[in-house]
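S.K.: Next up is a structure, given as structure tokens.
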């Protein structure tokens, strides 16, 4: 193994050993800290997203941190979602590139009262930047960059926890994010949802 890989293994072993010694866990009668790392799939509900970026769900990494007492936690989450596709404006194939970058932050309450299931309801804040371009001179006027930020909405999630060792849990989660906007990508009089459904799995660490 390379030096960076050896160092990473040492960090992981140290974290696991520390968690085992501390013997933290969901439901403890004391304040607990929660950390999560997840990987999942996600597809925004925005119009034409599938036409431009493909119909397959895209990967979505998620980081979460929280503080709680017994079965209730306040949890903050950060997601960075990026996708590349084929440029398309007003139904015209520009034979160029399209790039979508989206950041979603949520802050909400999670309850583990019904373990092994948990439920979470959160306030959501979203930022999106989309760039579409082509090298075809006849369509250069259609090149565009669309940016929208400080968009507000809600998210709801249901998850399943499986205890591995004291303080470490394997989790799977279904979540739906709703962040409505009025913008140039609006379809008719309907609002555009920058969020959408996601499924993720990962590890939860509780101290």
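Computed from the coordinates by the stated procedures, all read-outs in this text should not be read as laboratory data. Owing to the predicted nature of the structure, the values given are computational and were not obtained by experimental measurement. Counting neighbours? That spans all protein chains shown, and the Cβs are built from the backbone with ideal geometry, glycine included.
S.K.: Under 20 Å from a point 7 Å along the Cα-to-Cβ line of residue 76: which residues of region 24-63 have their amide N that close?
M.R.: 31-38, 61-63
S.K.: Expected output is a single nm value to one decimal: the length gained when fully extending between residue 50 and residue 163, i.e. 0.36 nm times separation in residues minus the C-alpha distance. What is it?
M.R.: So the chain would gain 37.0 nm between residue 50 and residue 163.
S.K.: For region 28-177, calculate the relative contact order in percent as a whole number, restricting contacts to Cα pairs under 8 Å that are 6 or more residues apart.
M.R.: 16
S.K.: Please work out the Cα convex hull volume for region 25-206 and give it in Å³ per residue.
M.R.: Dividing the Cα hull volume of region 25-206 by its residue count gives 101 Å³.
S.K.: Next question. Can you sort 71, 56 by how many other beta carbons sit within 10 Å, fewest first?
M.R.: 56, 71
S.K.: Work out, step by step, the length gained on full extension between residue 135 and residue 67: first 0.36 nm times the residue separation, then minus their alpha carbon distance; give nm to one decimal.
M.R.: 19.5 nm
S.K.: Suppose each label sits 7 Å from its Cα in the direction of the beta carbon; what would the residue 99-residue 28 distance come out to in nanometres?
M.R.: Distance between the two pseudo-spin positions: 4.4 nm.
S.K.: Right, another one. Provide the gained length on full extension for the span residue 107 to residue 146, in nm with one decimal, where the gain is 0.36 nm per separating residue minus the Cα-Cα distance.
M.R.: Length gained between residue 107 and residue 146: 11.5 nm.
S.K.: In what order do 84, 55 fall by count of nearby beta-carbon atoms within 10 Å, going from fewest to most?
M.R.: Going from sparsest to densest Cβ surroundings: 55, 84.
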